[in-house]
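Below is one structure; the comments refer to it alone.
The values are calculated or read from the model by the stated rules, or taken from the named source; none is laboratory data. Please read all numbers here as calculations on a predicted model, not as lab measurements. All Cβ positions, glycine included, derive from the backbone under ideal geometry; neighbour counts span all protein chains shown. Heads up: the accessible areas ignore ligands, DNA and RNA and are worked out on the full protein's heavy atoms, side chains in. Shrake-Rupley method; radii C 1.70, N 1.55, O 1.52, S 1.80 Å.
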Amino acid sequence: MKPVTTRMTTQMANPLRCPIFAGALLCLLALPLLSGCKRLRRGADGDNPGEPSGAGASPEGPQGPGKGAKATAGCAAPESPVTSEVTIPRGCSVTVKDLLVVEGGGVLKIEAGARLAFAPNAGIQVRDAKLVIAGTEKEPAVLTSANRTQAAGDWAGVLLDEGVMAGSAITNARVEYAGQDAHGSHGAITMNGQRSGKRLAITGTTFQNNDRSAVWADSDKGLFAKFERNVFKANKLSVSLPAAVLGSVGPGNVFGDPLETHGEVSESTTWGAFGAPVIVREHLLVRTEGGSAPTLTIAPGSVLKFAGGTYLSVGEGNGGGLVAPRVTFTTANATPHAGDWAGLFLYKRSTNVNLEGGTIEYAGADVHGSHGAITLHEGTAKDLRGVKLTGLQVKSALHAALYTPDHDCGEFAKQIVATGAPVCSKE
């Protein structure tokens, strides 16, 4: 009986648990079957036993339109729309494949050293929400193109709609290759329909290689909370802003590209020394229909270039002033001619007008009632008060340097130096 006992013990220890009376052939058939089941389970779970499916994928992972891993997953594009506070952490590199919308009181924070690469048609749109980009001088946050060969206009840019929340800020960032004509974008930063000012601060940021405009706005209500120490280079335009908003551009900016402006100044506004020409693409009006008369003050040495047929009007309605000594008013035409733009219009209520030592070139186009480089509407030269034109040079004007309805320029005829046309209109 001892040999039988030994054989039973050995067979019971076998993991196949074959009955003592089963044949050897049955055990051999059972072994491949059990092994196959084990391999099937591993294939479903992953290459390593106990590892969840998909483990080992890159942090960003595959993304559909507007979709990505949650920011809590680490370096990944947040899901769109963002309706809570979401942070792209310091030093992360993220690809954004579609329009990333921040709305409903959400806050999108981008920390120092983070790099967001945007695919074509991608961008950031902020609606009733806040955007905070907080780079440092040593570690700027970077918003750039995801294209292998980068070019201006590769992606839409950052769009700030009318409900953008106060406290939004872009600090020590680099924004490049934006300005694609998509989602209502007009440049790298687009501010649409701002209803109140001081919602956005832009400081210490470099804008480079952007199509159209680096910073664009359409509402004269959207004054900046702060706009200082920014650098603009290799953009089509540095900024395109209403005249009133241009007055909220602060000191320390380096404008390597022209600025652009238009619109109405209804409250006193001062333009600093930008160091680059300002293109006036539409009529520029300094006037008010009620309240005190506004004055537009332009830093000496500034150059304004006017698009064809446009004009600068001062004092219509209840009055207005223009303080612009040693400022040049000229044409935006690359091949200038006399009469490229309409010129300056002064009204009877114009006061505090100082053009001393300045220059007006190529004005006097026969449009909008213009008859010279400066056209006086309403009244005569004797009706003007507080107007200073001493040392003003008028060059290549069509018709005359100064037009008055009675053709009597009075004391101003001695203050103006004109070349290429008479000082005072004769008819």
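A few notes on this one:
- Placing R0 at 35 angstrom, the Cβ-Cβ distance between GLU137 and ASN333 gives a FRET efficiency of 0.30 after rounding to 0.05.
- Cβ-defined net charge surrounding VAL278, 12 Å radius [Lys, Arg +1; Asp, Glu -1]: 0
- Highest average first, the peptides 350-357, 328-335 ordered by how many other beta carbon atoms sit within 10 Å of their residues are 350-357, 328-335.
- Dipole-positive endmost among THR335, GLY410, HIS399 within the range 333-427 (Cβ charges, Cα centre): GLY410
- Within the shell defined by Cβ-Cβ distances under 14 Å, the residues around VAL231 carry a net charge of -1, with Lys and Arg each +1 and Asp and Glu each -1.
- Accessible surface area normalised per residue over the range 219-279 is 39 Å², counting heavy atoms of protein chains with a 1.4 Å rolling probe.
- Cα gyration tensor shape of the range 69-178, rounded if a/c is under 1.5, else prolate or oblate by comparing a/b with b/c: rounded
- Three-way shape call for the range 97-253 based on the alpha-carbon gyration tensor, with the a/c threshold at 1.5: rounded
- Per residue, the range 304-427 exposes an accessible area of 41 Å² to a 1.4 Å probe, with every protein chain left in place.
- Backbone N under 14 Å from the ALA151 label point (7 Å along Cα→Cβ), restricted to the range 195-211: 210-211
- Applying a threshold of 24 Å to the alpha-carbon distances of LYS233/LYS305; LYS226/LYS305; LYS388/LYS426; LYS109/LYS226; LYS382/LYS414; LYS130/LYS236 flags LYS226/LYS305; LYS130/LYS236 as lying beyond it.
- A rounded overall shape is assigned to the range 276-427, the ratio a/c of its alpha-carbon gyration tensor axes (a ≥ b ≥ c) being less than 1.5.
- If the chain linking ALA234 and GLU411 were pulled fully straight, counting 0.36 nm for each residue of separation and taking away their Cα-Cα distance, it would gain 59.1 nm.
- Chain lengthening between ASN121 and SER196 when straightened (0.36 nm per residue, less Cα-Cα): 24.2 nm
- Cβ-defined net charge surrounding PRO242, 14 Å radius [Lys, Arg +1; Asp, Glu -1]: -3
- Full extension of the chain segment joining THR380 with ASP366 gains 3.0 nm, where the gain is 0.36 nm per residue of separation less the Cα-Cα distance.
- Relative contact order of the range 226-283, pairs being alpha-carbon contacts under 8 Å that are 6 or more residues apart, as %: 36 percent
- With Rh defined as the Kirkwood radius, the inverse of the mean 1/r over Cα pairs, the Rg/Rh of the range 202-311 is 0.95.
- Note on the range 121-198: Cα-only Rg and Dmax are 12.8, 39 Å.
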